[in-house]
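For reference, the structure discussed in these notes is given below.
The values are calculated or read from the model by the stated rules, or taken from the named source; none is laboratory data. Quantities reported herein were computed from a predicted structural model and do not represent experimental measurements. Here the Cβ positions follow ideal geometry from the backbone for every residue, glycine too, while neighbour counts run over all protein chains shown.
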Amino acid sequence: MATQGTVRLAGYGGAALFLRCVVVPAGVETAGQEPIEVVFDITLHSPDCESNYYLRDADPGFMAAFAEFCLAAASAETPEVSVTAMSDRSSGLEVSVVSSEPTRVGLLVRIPRELDASPIEWDAMDFETSRAALAQASLDARALLGEDAWSVSTEPPTEWN
Amino acid sequence: MMGALFELLPLEPRSRMTGVFTARVADFGNHPVHALGHMIWLGEGQDPDLEWDFLGSHLLFHVGGVTGMGPDGSPWMCIIQLAPTAGSGDGAVEIMSEAMDRALEFNPAAWVGETFAWSMDELIETYEGQGVDADDIDDWGMAELVFGLLAECCNVELTQIVAGRVAQCAFPGDEHECTHDVFTDVFSRWVTGDLMIDESTLDDDEDDADEAEEEDEDGRFTREELLEYTLPDLRDLAREVGFKPWQIAACGDDLGELADLLLSVYEPDYEDSDDDWAQQFVEEANAHRTVRKVVRAPGRPPKRQLKKLKTSRLRLMAVAAGWTVDDAEAAKRKKLIKALGAPKRRIGKPPERNFV
């Protein structure tokens, strides 16, 4: 369920990925166009550790891409084969399917600790979640976009195939 | 759904259980242990089985629970924790409550609907309320007592579980893949669907009865309906409602006067109340001028209030109401609630319709 501008994708073992929308003043490059912009707090959570990455920029359509990825991962028979990883250049967030079972999907989530560092040092978390939770995360992401859940197509976009 | 645990949970009819879980139990040695249960409503669309695992991963004292769905698909779970205590048990309850608050921070959409706590004595009392002899469980630890309640949720009588604990087999007469642990036996068969009962039929019957009762409770005779009664029947109705013979006689053979007499009835309890809402109730009752079709015995609490009380309190109430101590101790919780609760009775009988 989308709560206070946050999408939560929970997993077994107490793991969770939180994406929180944050409205901030527009950056210099967008000044004059829009006064505000949306950035994201990204949290990788496990029972013994939590990593927070605040105010990360994201590519246009980031939340829609996340919604599409989750729906595809939930509905594909072998998403580890058929669903392309989601990769957002601006935030650095990458989510990919590494395994699947009839009711569960294994995910690998990783994000660079610092965007400008070289070499990139990744913070990663792999966890299993249920297909139901993935589908709900897709709906929650759509809800944040103001889209009617019932209008979501069940077919993944062709670029994911 | 059956079981002492479900009697504590505010679940609507046609709610169903979708999962039962147990977890590793910490060894607290000889320290006395308290149990704390939370009934949690999950966010819309959340997967109860996954969320139980998620929440349990953050609750180091949790030992088990059940998950389910309400009649409208609302997911819920009941999770039970055990923690050692010293003295009154308040410290253990506080520890477990704070642990739950912390865990729920990672699921903001979930919220606690009900909380209940047990000491060892109170759990044993709960078992006694389900017909178990305390001597048969005097060697059980808190974890086993909790597991027993969870197993009872799988449609197996607690007495059967207690009896099966001796041989570590819950179904000695049935062909099954015995796990040689009475609780695992029950959980395994529940998961495979062997222990399901046709709740749809039961719930339909109960719901039909509940709906009929509610309809009756909301039903009130109008003046037109009262005028369809024959004179003798209307006099009988007036007597049932509580009018004195002289009041009824004063109406003579006038059906209309009798009907007006009946319509002057309102809730006497509220007549002398200073509360604004009570006065408003009286005014509205007089304004609508109808007679309730169902009356509740005065001075006795509704059953929904009794369900919130512990069994030991119910037994005391039974003794105060005139039961013998032996009868009160022998009675199961359900019987106590039914006997102590305010009975409802539909007054009057439907008039015979003369199609002339």
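Return yes or no: is residue A:41 charged (D, E, K, R), in contact with a helix residue (DSSP H, G or I) (Cβ under 9 Å, 6 or more places away or on another chain) and at pLDDT 90 or above? For residue A:41, the condition - charged (D, E, K, R), in contact with a helix residue (DSSP H, G or I) (Cβ under 9 Å, 6 or more places away or on another chain) and at pLDDT 90 or above - is not met. Criterion first (without any contact (Cβ under 8 Å) to a residue 40 or more places away in the chain, more than 26 Å from the chain's Cα centre (by Cα), part of a loop (DSSP other than H, G, I, E, B) and within 14 Å of chain A (Cβ to nearest Cβ)) does residue B:60 satisfy it? Spelling it out, residue B:60 is indeed without any contact (Cβ under 8 Å) to a residue 40 or more places away in the chain, more than 26 Å from the chain's Cα centre (by Cα), part of a loop (DSSP other than H, G, I, E, B) and within 14 Å of chain A (Cβ to nearest Cβ). The criterion of being surrounded by fewer than 20 Cβ atoms within 10 Å (Cβ to Cβ), over 13 Å from the mean Cα position of the chain (by Cα) and modelled with pLDDT under 95 does not hold for residue A:124.
Out of everything in the stretch B:6-23 that is in a loop (DSSP other than H, G, I, E, B) and in contact with a strand residue (DSSP E or B) (Cβ under 8 Å, 6 or more places away or on another chain), what residue ends up being nearest to residue B:196 (Cα to Cα)? The residue in question is B:15.
Would you mind stating whether residue B:142 is closer than 30 Å to residue A:136 by Cα, in contact (Cβ under 8 Å) with a residue 24 or more places away in the chain and surrounded by 14 or more Cβ atoms within 10 Å (Cβ to Cβ)? Taking the combined requirement at face value, the residue does not satisfy it. The residues in the stretch B:38-51 that are surrounded by fewer than 23 Cβ atoms within 10 Å (Cβ to Cβ) and more than 14 Å from every other protein chain (Cβ to nearest Cβ) can be counted, and the count is 1.
Looking at this structure, is residue A:47 at pLDDT 85 or above and touching a Ser or Thr at 6+ places or on another chain (Cβ under 9 Å)? For residue A:47, the condition - at pLDDT 85 or above and touching a Ser or Thr at 6+ places or on another chain (Cβ under 9 Å) - is met. When each of B:79, B:40 is tested for being without any contact (Cβ under 8 Å) to a residue 60 or more places away in the chain and under 19 Å from the mean Cα position of the chain (by Cα), the lone residue that passes is B:79.
When B:74, B:15 are screened for being within 19 Å of residue A:132 (Cα to Cα) and surrounded by fewer than 23 Cβ atoms within 10 Å (Cβ to Cβ), only B:74 passes.
Between A:114, A:77, the distinction of being farther than 24 Å from residue A:58 by Cα, surrounded by fewer than 15 Cβ atoms within 10 Å (Cβ to Cβ) and among the acidic types (Asp, Glu) belongs to A:77 only.
With respect to the conditions (1) touching a Pro at 6+ places or on another chain (Cβ under 7 Å); (2) modelled with pLDDT under 95, residue A:73 lacks only one, and its number is (2). Screening the candidates A:47, A:119, A:35, A:25 for the property of being surrounded by fewer than 19 Cβ atoms within 10 Å (Cβ to Cβ), within 14 Å of chain B (Cβ to nearest Cβ) and more than 17 Å from the chain's Cα centre (by Cα) yields one hit, A:47. Looking across the stretch B:146-180, the residues that are among the small types (Gly, Ala, Ser), surrounded by 15 or more Cβ atoms within 10 Å (Cβ to Cβ) and in a helix (DSSP H, G or I) come down to B:148, B:151, B:163, B:164.
Conditions (1) of a type outside the set (Ser, Thr, Tyr); (2) more than 12 Å from chain A (Cβ to nearest Cβ); (3) touching a Lys or Arg at 6+ places or on another chain (Cβ under 7 Å); (4) at positive phi, marked per residue:
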site: B:53; (1), (2), (3), (4): yes, no, no, no
site: B:66; (1), (2), (3), (4): yes, yes, no, no
site: B:74; (1), (2), (3), (4): no, no, no, no
site: B:83; (1), (2), (3), (4): yes, yes, no, no
site: B:96; (1), (2), (3), (4): yes, yes, no, no
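Among the residues of the stretch A:54-66, is any within 11 Å of chain B (Cβ to nearest Cβ), within 17 Å of the chain's Cα centre (by Cα) and within 20 Å of residue B:109 (Cβ to Cβ)? Checking the stretch A:54-66: not a single residue is within 11 Å of chain B (Cβ to nearest Cβ), within 17 Å of the chain's Cα centre (by Cα) and within 20 Å of residue B:109 (Cβ to Cβ).
In the stretch B:102-112, is there at least one residue being closer than 18 Å to residue B:39 by Cα, at pLDDT 90 or above and in a strand (DSSP E or B)? Checking the stretch B:102-112: at least one residue is closer than 18 Å to residue B:39 by Cα, at pLDDT 90 or above and in a strand (DSSP E or B).
Checking the stated criteria, residue A:7 turns out not to satisfy the condition of being exposed (fewer than 14 other Cβ atoms within 10 Å of the Cβ) and either more than 14 Å from chain B (Cβ to nearest Cβ) or not aromatic (Phe, Trp, Tyr) (or both). Every condition in (1) surrounded by 16 or more Cβ atoms within 10 Å (Cβ to Cβ); (2) without any contact (Cβ under 8 Å) to a residue 12 or more places away in the chain is met by residue B:134 except one, and the failing one is (1). When residue B:124 is tested against (1) in contact (Cβ under 8 Å) with a residue 24 or more places away in the chain; (2) buried (at least 16 other Cβ atoms within 10 Å of the Cβ), exactly one condition is not met: (1). For the stretch A:87-101, a tally of residues being touching a residue at least 12 places away in the same chain (Cβ under 8 Å) and either touching a Cys at 6+ places or on another chain (Cβ under 9 Å) or acidic (Asp, Glu) (or both) returns 3. Within the stretch A:89-111, take every residue that is among the small types (Gly, Ala, Ser) and under 20 Å from residue A:60 (Cα atoms) and give me the one that is surrounded by the fewest Cβ atoms within 10 Å (Cβ to Cβ). Checking each candidate, the answer is A:90.
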